[in-house]
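Okay, structure first, notes after.
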Amino acid sequence: MWRATVLTLFPEMFPGPLGLSLAGEALGRGVWEIEAADIRRHGLGRHRAVDDTPAGGGAGMVMRADVVAACLDATVPAGDPRPRLYMSPRGAPLTQGRVRSLGHGAGVVVLCGRYEGVDERVVAARGFEEVSIGDYVLSGGELAALVLIDACVRLLPGVMGAAASGLEESFENGLLEYPHYTRPRQFEGRDIPAVLLSGDHGKIAAWRRAEALRLTRERRPDLVKDGPALV
Ligand code: 6GU
């Protein structure tokens with residue numbers, strides 16, 4: 001079974017939203033599982049301290065290498081084949097390709113740090129790879145971990161309603177998705193594009209491809225190989 005182990009100071013955040021809807025139903029059916037390990041349980045002293053002031057000075061606190069290592073070593077057996085990911089805005093950007101490859105594996109071990117970060121030595125010593133979910137800063141890695149796990153879980157067999165529906169969406173074909181419409185036929189004076197009501201499946205497919213390309217050129221020229229949109 002695909003398994004996510006999350007090391008966090010806020011274990012109550014898991015499964016959180018992943019306990020609802022398609023991911024939550026699949027969790028209940030045993031398609032995947034999630035375990036949140038409380039780093040605080042490995043904290044030091046009467047106050048279970050998990051962080052300390054940065055070497056070299058400066059603002060904020062840094063999570064201690066010994067505490068994070070103790071939590072990992074007590075939670076994840078040596079030889080566990082799952083990749084170890086440290087959620088951090090400094091990390092390599094998460095892509096749909098990486099998500100697909102993580103979804104095909106045994107699962108993930110995810111370390112959530114506070115923004116000031118985790119002592120670099122435990123990241124190196126325990127083989128964590130830094131991963132970011134975008135160019136903005138979150139107050140902790142937990143929301144980023146939920147994003148990463150959601151993206152993986154929806155690709156597992158038996159999670160999405162229609163087996164194919166995970167594959168045609170944005171990024172799986174390198175383009176943004178075409179626009180969707182449903183009833184009513186007219187909404188506040190706006191019609192559904194006539195081609196979608198024509199019953200001509202060849203024309204519908206061609207329209208959708210053209211719209212996907214148009215939207216991608218407009219919004220994400222970086223995704224289109226033949227260069228940015230002409231103005
Ligand atoms: Cl992965 N973690 C945090 N704390 N902030 C982020 C992020 C990750 N990705 C973007 N911002």
Note to self: Under 10 Å, Cα contacts only: if you run a Gaussian network model on the chain, which one of TYR136, TYR181, TYR86 comes out with the highest mean-square fluctuation?
What the structure shows: TYR181
Check: Normalized C-alpha radius of gyration of the chain, against 2.2 N^0.38 Å?
Finding: 1.26
Checklist line | Sequence-separation-based contact order of the stretch 168-223, relative, with Cα cut under 8 Å and 6+ spacing, percent | finding: 42
Notebook entry, point to check: Where the only charges are on Cβ atoms (+1 Lys, Arg; -1 Asp, Glu), what is the dipole of the stretch 168-223 about its Cα centre, to the nearest 20 debye?
Noted result: 200
Checklist line | Rounded if a/c under 1.5, otherwise prolate or oblate - the stretch 93-156, Cα gyration tensor axes | finding: oblate
Next item on the list: Evaluate E = 1/(1 + (r/R0)^6) for SER101 and GLU12, where r is the Cβ-Cβ distance and R0 equals 35 Å; express this FRET efficiency to the nearest 0.05.
Entry: 0.75
Item checked: Degrees between helix 65-75 axis and first principal axis of the chain (Cα, 0 to 90, nearest 10) -> 70
Item checked: Dipole of the chain [Lys/Arg +1, Asp/Glu -1 at C-beta], most positive-end residue of ILE34, GLY103, GLY60 -> GLY103
Margin query: Need one value: the accessible area of VAL68 in square angstrom, 1.4 angstrom probe, rounded to the nearest 10.
Written below: 0
Next item on the list: Could you look at the stretch 75-218 and say what percent of its accessible area is carbon and sulfur, using a 1.4 Å probe and all protein chains?
Entry: 54
Next item on the list: List the longest stretch of the chain that has no exposed loop site; here a site is one of the trypsin sites (Lys or Arg not before Pro) assigned by DSSP to anything other than H, G, I, E or B, with at most 15 other Cβ within 10 Å.
Entry: 49-184
Next item on the list: Heads up, I need the accessible area for PHE171: 1.4 angstrom probe, whole protein in place, Å², nearest 10.
Entry: 90
Check: In percent, what relative contact order does the stretch 2-153 have, based on Cα pairs under 8 Å that are 6 or more apart in sequence?
Finding: 29
Notebook entry, point to check: Can you put MET63, MET13, MET160, MET1 in order of accessible area, largest first, using a 1.4 Å probe?
Noted result: MET1, MET13, MET160, MET63
Next item on the list: At 1.4 Å probe size, with every protein chain present, just tell me what the per residue accessible area of the chain comes to in Å².
Entry: 58
Next item on the list: At 1.4 Å probe size, with no ligands or nucleic acids counted, give the accessible surface of GLU12 in Å², nearest ten.
Entry: 150
Checklist line | Assigned charges on the beta-carbon of Lys, Arg, Asp, Glu; the chain dipole about Cα centre (debye) | finding: 320
Next item on the list: Please identify, among LEU143, LEU196, LEU156, the residue showing maximal mean-square fluctuation in a Gaussian network model of the chain using a 10 angstrom Cα cutoff.
Entry: LEU196
Notebook entry, point to check: Going by accessible area, probe 1.4 Å, with all protein chains left in place, what is the ranking of SER139, SER21, largest first?
Noted result: SER139, SER21
Checklist line | Net charge contributed by nearby residues that have their C-beta within less than 13 Å of SER132 (K/R +1, D/E -1) | finding: -1
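The values are calculated or read from the model by the stated rules, or taken from the named source; none is laboratory data. Treat the numbers as computed from the prediction; the structure is a model and nothing was measured. Neighbour counts are summed over all protein chains in view; Cβ atoms, including those assigned to glycine, are modelled from backbone coordinates with ideal geometry. Heavy atoms of the whole protein, side chains included, go into the accessibility calculation; ligands, DNA and RNA do not. Shrake-Rupley method; radii C 1.70, N 1.55, O 1.52, S 1.80 Å.
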